[in-house]
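Here the structure comes first, spelled out in structure tokens, and everything after it is commentary.
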Amino acid sequence: MKMPEEIIIRPHITERSTMDVAEGKYTFVVDKNATKPEIRSAVETLFGVKVVSVNTANFSGKVKRMGVHVGKTASWKKAIVKLTEDSKTIEFFDGMA
């Protein structure tokens, strides 16, 4: 089993994700091979909160060109974590809203 620090890579800060904080939803970029139960336990361990649900989305890398050179951006996975009503907030996101 992976360490929680290996599963949660970084928070995903966008306009929509900052609006979702008011509803108790937090967005993270996670390891591509992480499962929903692994993500749930990693968030509960790292931040000391209770998780109600985990929704995930996989994003494929896009093909990019720069002149004659062709490359591909990295594929990644996003997880939206919803916390319980009585759970405390995640402090990192408090200054964003």
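The values are calculated or read from the model by the stated rules, or taken from the named source; none is laboratory data. All values derive from a computational prediction rather than experimental measurement. In this analysis, Cβ positions are derived from the backbone assuming ideal geometry, glycine residues included, and neighbour counts consider all displayed protein chains. For the accessible areas, the whole protein counts, side chains as well, though only heavy atoms, and no ligand, DNA or RNA atoms are used. Shrake-Rupley method; radii C 1.70, N 1.55, O 1.52, S 1.80 Å.
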Go through region 1-55 and report how many residues are part of a helix (DSSP H, G or I) and β-branched (Val, Ile, Thr).
6
Qualifying positions in region 42-55 - loosely packed, with under 15 Cβ neighbours inside 10 Å, small (Gly, Ala, Ser) and modelled with pLDDT of 95 or more
Ser53
In region 1-27, residue surrounded by the fewest Cβ atoms within 10 Å (Cβ to Cβ) [restricted to those that are under 9 Å from the mean Cα position of the chain (by Cα) and closer than 21 Å to Glu85 by Cβ]:
Thr27
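In this structure, is Ala34 small (Gly, Ala, Ser) and over 16 Å from Thr56 (Cα atoms)?
Details: small (Gly, Ala, Ser): yes; over 16 Å from Thr56 (Cα atoms): no.
In short, no.
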Find the residue count for region 56-80, including only residues that are open to solvent by 80 Å² or more (accessible area, probe 1.4 Å) and in a strand (DSSP E or B).
8
Taking the conditions exactly as written (of a type in the set (Asp, Glu) and either at pLDDT 95 or above or in contact with a Phe, Trp or Tyr (Cβ under 9 Å, 6 or more places away or on another chain) (or both)), does Glu38 satisfy them or not?
yes
